[in-house]
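Below you'll find the structure, written out as structure tokens, and then a few comments.
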Amino acid sequence: MNTTTVTAPVDPRAFKSFAEFYPFYLNEHSNRTCRRLHFVGSSLGLVCLGLAFALRNPLWILAGLLCGYAFAWVGHFGFEKNKPASFKRPLHSFMGDWVMYKDIWTGKIPF
């Protein structure tokens, strides 16, 4: 007999704080390739932000956002096989991106 447990999907809007949301966020990034794509996209986003200031051209900020989200969405749709939480919790997801980025740099999360 095959018993499979089916769990209801978690609605990211149900979390009352970022501290509650972050474990969910990490679970949504369990695929290593997805995390790596996030890391590359965030790094390119920072480079673009630096270029925006250095060149005094705000269009680089737009390029940075495009890089960050493009890499993240490829990671989610192509490797993680889920929808980005940013569709339902944009601020918490943005915060989660940077906390995960820091956690990867510090070795708390494997790259």
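The values are calculated or read from the model by the stated rules, or taken from the named source; none is laboratory data. Keep in mind that this is a model prediction, so the values were computed, not measured. We place every Cβ from the backbone using ideal geometry, glycine too, and count neighbours over all the protein chains shown.
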key: Any hit, the stretch 1-18, residues being within 19 Å of residue 110 (Cβ to Cβ) and in contact with a Lys or Arg (Cβ under 7 Å, 6 or more places away or on another chain)   = no
inquiry  = Contact list please: Cβ distance under 8 Å, first residue in the stretch 61-75 and more than 18 Å from residue 50 (Cβ to Cβ), second residue basic (Lys, Arg), pairs at least six apart or on different chains.
reply    = 75/35; 75/36
Qualifying position, being under 10 Å from the mean Cα position of the chain (by Cα) and of a type in the set (S, T, N, Q), among 42, 17 = 42
request  = Test each condition in (1) surrounded by 12 or more Cβ atoms within 10 Å (Cβ to Cβ); (2) over 11 Å from the mean Cα position of the chain (by Cα); (3) more than 13 Å from residue 35 (Cβ to Cβ) for residue 56 and report the one that comes out false.
outcome  = (1)
ask   = If you check every pair at least six apart or on different chains, which have Cβ atoms under 8 Å apart with a residue in the stretch 90-111 that is among the polar types (S, T, N, Q) first and a residue that is at pLDDT 95 or above second?
value = 93/25
request  = Please give the number of the condition residue 14 fails out of (1) modelled with pLDDT of 95 or more; (2) surrounded by 10 or more Cβ atoms within 10 Å (Cβ to Cβ); (3) not hydroxyl-bearing (Ser, Thr, Tyr).
outcome  = (1)
inquiry  = Of everything in the stretch 24-72, what is touching a His at 6+ places or on another chain (Cβ under 6 Å) and small (Gly, Ala, Ser)? Give them in sequence order.
reply    = 72
inquiry  = Quick check on residue 111: is it on the phi < 0 side of the Ramachandran plot, at pLDDT below 95, in contact with a helix residue (DSSP H, G or I) (Cβ under 6 Å, 6 or more places away or on another chain) and surrounded by fewer than 20 Cβ atoms within 10 Å (Cβ to Cβ)?
reply    = yes
ask   = Restricting to the stretch 66-93, what's the tally of residues that are out of contact with any helix residue (DSSP H, G or I) (no Cβ under 7 Å at 6 or more places or on another chain) and of a type in the set (A, V, I, L, M, F, W, C)?
value = 5
